[in-house]
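As structure tokens, the structure follows; a few thoughts come after it.
Just so it is clear, none of the values below were taken in a lab; they were calculated from the coordinates. All values reported here derive from a predicted model rather than from experimental measurement. As a convention, Cβ positions derive from the backbone with ideal geometry for all residues, glycine included, and neighbour counts pool all protein chains shown.
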Amino acid sequence: MATDWTPLIWLAALIIPLLVVKRWLSRHLQGIGLLLSGDPETATLVHYLILLPGIVLHEFSHYLAAKLVGVKTAGISLKPQAKRGGNIRLGAVKVKKADPFRESWIGLAPLISGSVAILLLARWQFGVEALPILHPDAVAKTFISSLQRPDALLWLYLIFSISNAMLPSESDRQAWVSVLLFLGLAAALVYVSGVTVQIPVSLKRSLLTGVTYLAFTFGLALVVDLPVALALFLLEKLGEAVLHRHVEYP
């Protein structure tokens with residue numbers, strides 16, 4: 001399975017849907033809290049508590065990644081905070097300025113740790129093999145088999161919380177432009193110079209294996225998120241009908 005480029009296709013196909021669903025869930029978790037409570041602070045607190053395990057993992061991933069590459073930190077916050085434009089920051093790590101490569105690593109850390117955590121849950125709790133098969137029915141079977149466990153809701157909740165907090169935020173991605181530009185220019189220079197770069201088979205296999213794991217993580221996150229999104233949609237419509245209130249999303 002890791003001998004062709006199929007995992008890259010799956011990863012590319014899953015990124016946009018996952019981002020769209022994540023954004024929808026974030027907005028509507030906040031919106032339903034506001035609809036039911038009528039209080040913005042309570043709505044933020046509900047949103048924060050639902051994603052708390054993922055938020056803790058996200059922020060400590062930044063913190064540990066900074067320590068690993070020798071970048072100083074000035075504290076970690078695990079409190080929700082309102083920002084301009086009506087956005088909510090659910091946590092933060094103050095990191096000193098560094099070069100784009102180290103900043104990119106720090107920004108990427110929650111995605112790596114979150115993916116590893118979800119894969120471990122899938123392996124230990126749902127019996128997924130060491131290298132999951134990238135096929136829609138494989139992800140669906142993993143989800144369906146998990147429902148047969150007595151503690152299924154707990155582990156599915158953890159996957160939901162981690163997956164919806166692991167994607168890099170806008171501030172996490174700030175240094176990526178410089179790094180991607182550098183890598184793109186380096187690749188263009190190699191191409192123009194006519195130098196042939198042979199990627200070792202072992203390195204190619206390792207990269208494709210990593211992509212396979214990441215694509216499976218995205219797929220499982222989507223399979224867990226979609227029923228939750230449907231439930232939230234129905235709950236919001238029911239709340240609007242009963243309470244005669246409506247939440248306007250910008």
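The residues in the stretch 30-51 that are in a helix (DSSP H, G or I), more than 16 Å from the chain's Cα centre (by Cα) and touching a residue at least 60 places away in the same chain (Cβ under 8 Å) can be counted, and the count is 5.
Filter the stretch 57-77 down to the residues that are outside any helix (DSSP H, G or I), closer than 15 Å to Leu90 by Cα and either out of contact with any strand residue (DSSP E or B) (no Cβ under 6 Å at 6 or more places or on another chain) or hydrophobic (A, V, I, L, M, F, W, C) (or both) and list them by number. Correct list: Ile76 only. Residues considered: Ile76, Ile106, Ile118. Of these, the only one that is touching a residue at least 12 places away in the same chain (Cβ under 8 Å) and surrounded by fewer than 19 Cβ atoms within 10 Å (Cβ to Cβ) is Ile76. Considering only the stretch 230-250, state which residues are hydrophobic (A, V, I, L, M, F, W, C), part of a helix (DSSP H, G or I) and surrounded by 14 or more Cβ atoms within 10 Å (Cβ to Cβ). The answer is Leu232, Leu235.
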